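Asker: Structure incoming, see below.
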Amino acid sequence: MAIKRDLALDYAKGFAIVLIVLGHLYFFSDRHVDSWVFTICNTIQIPVFMYISGLLAHRSIDRYGFRQLVANRAIRLLLPLLSFYIIKGIGLHSKFVNIPLSEYKHGLWFLIVLFEFMVSLSFVKRLSQFTRVPAPIINVIWFGLVTIYLYVLPRGNIFNILFCVNLYWHYYLFFMMGYYSYKLYRFMTWYYVPVYLLFFLVSLYFTHVRGMRMFVPIGNLSSLLLLITVFKNGFRPFESFFSKLGALSLQIYLLHFTILFIVLPYLPVIDNRWMEFVLYLVVAFTFIFLSVGIAKVLMISRVLSLLLFGIKNK
């Protein structure tokens, strides 16, 4: 029996993918400096995805054994990684080695880090069963070891770059928050929304106006709790629309980069920030609709659906 999708989580992913596409428009057009819109997008987008991925990891780990889980995640994440790695390498007219040696892998880092999360979480669970040490304690120890490793070796270390260790470290806590989210349920009520909103606004002020990067994690955490709490308690305008985007979020994420770099040279520069926001918002939704349309066409083919998106069509 197929597992019924959680519309609230799909909605959150759909909302986040809009922020990702919009944020990328600002960043790659070099209009992100001093932009409130980019700051908000950059604060919210990825932590939401990592939290939801951790939340859904329970189902995958409980459903599959360790080896089967790794095999399934390899198909779901590493096949698209390899396929788009080849596509991007050809499109850039450069040696393929240039992409792995870049920190963000032209957007493909997300697939690498998510696969590493699933594998390490599965390993932690097995180690917990073998040693009878509670899994949360092992997770804390593991995160501490990764932190020490990053402080000992420079960020530009080849191993760090190839396996996105810094990004793994940065988002692992959000993934684990999702995995242990049942402990947060009592804090996900309307009663706490003003608190999360206050912390979010304060963090935006200190990061955007004061330039104090130490407040970025506070913004990540407060925005995540704010959005998940609001969506979980039924506030989901345009639910059908955003839920459909959430269900296709990985396809949108992978395809929008290609469209973005084709259109990017033709985007006009507008000095008025409000007019720029309206333009970029329209362009972002255009990219999303195009990505959804292209994905649906490509997914008609079983082979392309598997190679590009890791989805086995029946």
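The values are calculated or read from the model by the stated rules, or taken from the named source; none is laboratory data. What you see is a predicted model, and the numbers here were worked out from it, not measured in a lab. Here the Cβ is made from the backbone with ideal geometry for all residues, glycine too, and neighbour counts use every protein chain on show. For the accessible areas, the whole protein counts, side chains as well, though only heavy atoms, and no ligand, DNA or RNA atoms are used. Shrake-Rupley method; radii C 1.70, N 1.55, O 1.52, S 1.80 Å.
Per-residue answers, yes or no, for (1) modelled with pLDDT of 85 or more; (2) closer than 18 Å to Leu221 by Cβ:
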position	(1), (2)
Ala135	yes, no
Gly144	yes, no
Thr147	yes, yes
Pro154	no, no
Leu162	yes, no
Leu167	yes, yes
Leu173	yes, yes
Lys183	no, yes
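Results for (1) part of a helix (DSSP H, G or I); (2) modelled with pLDDT under 85; (3) not β-branched (Val, Ile, Thr), shown as yes or no for each residue.
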site: Arg5; (1), (2), (3): no, yes, yes
site: Tyr11; (1), (2), (3): yes, no, yes
site: Tyr26; (1), (2), (3): yes, no, yes
site: Arg31; (1), (2), (3): no, no, yes
site: Leu56; (1), (2), (3): yes, yes, yes
site: Ser60; (1), (2), (3): yes, yes, yes
site: Leu78; (1), (2), (3): yes, no, yes
site: Leu82; (1), (2), (3): yes, no, yes
site: Tyr85; (1), (2), (3): yes, no, yes
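Asker: Just name the residue that is nearest to the chain's Cα centre (by Cα) out of those in the range 35-70 that are farther than 22 Å from Leu221 by Cα and open to solvent by 50 Å² or more (accessible area, probe 1.4 Å).
Answerer: Once the filter is applied, the top-ranked residue is Arg59.
Asker: If you go through the range 173-186, how many residues are part of a helix (DSSP H, G or I) and without any contact (Cβ under 8 Å) to a residue 60 or more places away in the chain?
Answerer: Total meeting the criteria: 5.
Asker: Kindly indicate which of Ile99, Ile87, Ile158 is out of contact with any Pro (no Cβ under 7 Å at 6 or more places or on another chain), open to solvent by less than 70 Å² (accessible area, probe 1.4 Å) and among the hydrophobic types (A, V, I, L, M, F, W, C).
Answerer: Exactly one residue qualifies, and that residue is Ile99.
Asker: Return a yes/no flag: does the range 95-114 have any residue that is out of contact with any Lys or Arg (no Cβ under 7 Å at 6 or more places or on another chain), among the polar types (S, T, N, Q), outside any loop (DSSP other than H, G, I, E, B) and modelled with pLDDT under 85.
Answerer: Yes, the range 95-114 contains a residue that is out of contact with any Lys or Arg (no Cβ under 7 Å at 6 or more places or on another chain), among the polar types (S, T, N, Q), outside any loop (DSSP other than H, G, I, E, B) and modelled with pLDDT under 85.
Asker: Out of the residues in the range 219-274 that are of a type in the set (Val, Ile, Thr) and in contact (Cβ under 8 Å) with a residue 60 or more places away in the chain, which is most open to solvent (accessible area, probe 1.4 Å)? Talk me through it step by step, then tell me what you get.
Answerer: To start, the set of residues in the range 219-274 that are of a type in the set (Val, Ile, Thr) comprises 228-230, 252, 258-259, 262-263, 269-270.
Cutting the leftovers down to in contact (Cβ under 8 Å) with a residue 60 or more places away in the chain gives us 228, 252, 258, 269.
Working: Ile228: 12, Ile252: 0, Thr258: 64, Val269: 110 Å².
Among those residues, the one meeting the criterion is Val269.
Conditions (1) of a type outside the set (S, T, N, Q); (2) in contact with a Phe, Trp or Tyr (Cβ under 8 Å, 6 or more places away or on another chain); (3) touching a residue at least 12 places away in the same chain (Cβ under 8 Å), marked per residue:
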site	(1), (2), (3)
Phe110	yes, yes, yes
Val119	yes, no, yes
Phe130	yes, no, no
Val140	yes, no, no
Asn157	no, no, no
